[in-house]
Amino acid sequence: MAAIDAGELELPTFAWAAGTDPLDAATMAAIAAGVSMRRYASTLEELPPPDKALSVSKSATSRRFVALSEEQLALWLSRSLEQLDLPVVMIDGIHFRDRIILVALGIDAQGNKHVLGLREGSTESTRVVRSLLSDLVERGLDGDRPRLWVIDGGKALRRAIVECFGVNAIIQRCQEHKRRNVIEHLPEELHASVGRALRDAWDSANADLAKKQLQRLATSLQSKHPGAAASLREGLEETLTVQGLGITDALYRTLRTTNPIENLNGSIAHYSRNVRRWRDGQMTLRWVASALSDAKDRFRKLRGFRDMKQLTAALTKRVAENRPAELKAA
């Protein structure tokens, strides 16, 4: 048994408790549970007389939450990413009232999910996206490794990723976003049949066959519905990227859309359900970050995570094939 030097031994848990105001933790837990600022004081246990609870009014609770969530946002979005092995990053815009919050969700080699960063903006502009990507690189995201980027299909988003990461960026367009875009150009009576045709192509294990099916569908729509045909053709091959990498089954079904990010919408809406007025973008960011921080401990591993090694090998091969000849020879 190892010897212990004379004197007091400070336990890490005691040091944490001594340096943390219990009211801070209680405030964050109450808000996560849906307690409004107005009702917060009624949830606390009464103190024995003559002691009285202080700083529990609506305004005091609101100020405490603002301070805590600001600190949480700053710490969370400045943490290092150097130790994360991330073969996949998903980016999508969560439409939050009249604003868009861009969310970057990383998937590590073991299938664990990590919210990497947030950016607030009125549109998914190249400038906003580049700002988000630059922040990720500055915090340690390796830009030289092959990586799958699953995106909603926005041109600004794709352009910024390619500008930042070049041939190391393999793009998968979200099939669900593409389906919605195509359907929006069609009369209601065609929604079901065209939706089935899209699903049939995307469910195929053969990317070349799927491409031919989608091209035939676009041709059939061209005459009467040229807008739908043009929408389908735009970025068509990038809706088939994961199929072309040879990924199948559960991992393919997970990586072909940005649904893992869109599923976070419910967590955000539930967390912020008592907010009645959104004053500015910073307030929106604070609440979104707090909601995601609260949800992260409930994240499940990515479906199909056991095939991540196969994906990593396929990405490395694809990047080697796409690399210019002069770089291969160097």
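The values are calculated or read from the model by the stated rules, or taken from the named source; none is laboratory data. All values derive from a computational prediction rather than experimental measurement. Quick reminder, even Gly has a Cβ in these numbers, built from the backbone with ideal geometry, and neighbours come from all protein chains shown. Surface accessibility is based on the protein's heavy atoms, side chains included, excluding ligands, DNA and RNA. Shrake-Rupley method; radii C 1.70, N 1.55, O 1.52, S 1.80 Å.
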Inset, instruction - Would you check if there is a residue in the range 187-204 being open to solvent by less than 20 Å² (accessible area, probe 1.4 Å) and farther than 20 Å from LEU240 by Cβ? - result: no
Inset, instruction - For residues that are touching a residue at least 60 places away in the same chain (Cβ under 8 Å) and open to solvent by less than 10 Å² (accessible area, probe 1.4 Å), tally how many sit in the range 96-109. - result: 4
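ILE101: out of contact with any His (no Cβ under 6 Å at 6 or more places or on another chain) and modelled with pLDDT of 90 or more, yes or no?
Criteria not met by ILE101.
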Legend entry - Restricting the range 187-227 to residues that are acidic (Asp, Glu) and part of a helix (DSSP H, G or I), the residue that is nearest to THR254 (Cα to Cα): ASP200
Inset, instruction - Evaluate the following for VAL319: is it in contact (Cβ under 8 Å) with a residue 24 or more places away in the chain and within 21 Å of the chain's Cα centre (by Cα)? - result: no
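If I ask for residues that are touching a strand residue (DSSP E or B) at 6+ places or on another chain (Cβ under 7 Å) and in a helix (DSSP H, G or I), which ones from the range 100-128 would you list?
Scanning the range 100-128 gives a single hit, VAL128.
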Legend entry - Total residues in the range 64-84, condition among the aliphatic types (A, V, I, L, M), farther than 14 Å from GLN282 by Cα and surrounded by fewer than 16 Cβ atoms within 10 Å (Cβ to Cβ): 1
Inset, instruction - Only residues that are open to solvent by less than 40 Å² (accessible area, probe 1.4 Å), assigned to a loop (DSSP other than H, G, I, E, B) and farther than 20 Å from GLU262 by Cα: list them for the range 161-186, please. - result: LEU186
Inset, instruction - Filter the range 169-183 for residues that are in contact (Cβ under 8 Å) with a residue 12 or more places away in the chain and either small (Gly, Ala, Ser) or farther than 17 Å from LEU255 by Cβ (or both) and give the result. - result: ALA169, ASN181, VAL182, ILE183
Inset, instruction - State all residues of the range 112-160 that are of a type in the set (A, V, I, L, M, F, W, C) and either out of contact with any Leu (no Cβ under 7 Å at 6 or more places or on another chain) or open to solvent by 40 Å² or more (accessible area, probe 1.4 Å) (or both); if no residue qualifies, say none. - result: LEU133, VAL137, TRP149, ALA156, LEU157
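Given the criteria surrounded by 22 or more Cβ atoms within 10 Å (Cβ to Cβ) and either under 24 Å from THR284 (Cβ atoms) or at pLDDT 95 or above (or both), does GLY93 qualify?
Against the criterion (surrounded by 22 or more Cβ atoms within 10 Å (Cβ to Cβ) and either under 24 Å from THR284 (Cβ atoms) or at pLDDT 95 or above (or both)), GLY93 qualifies.
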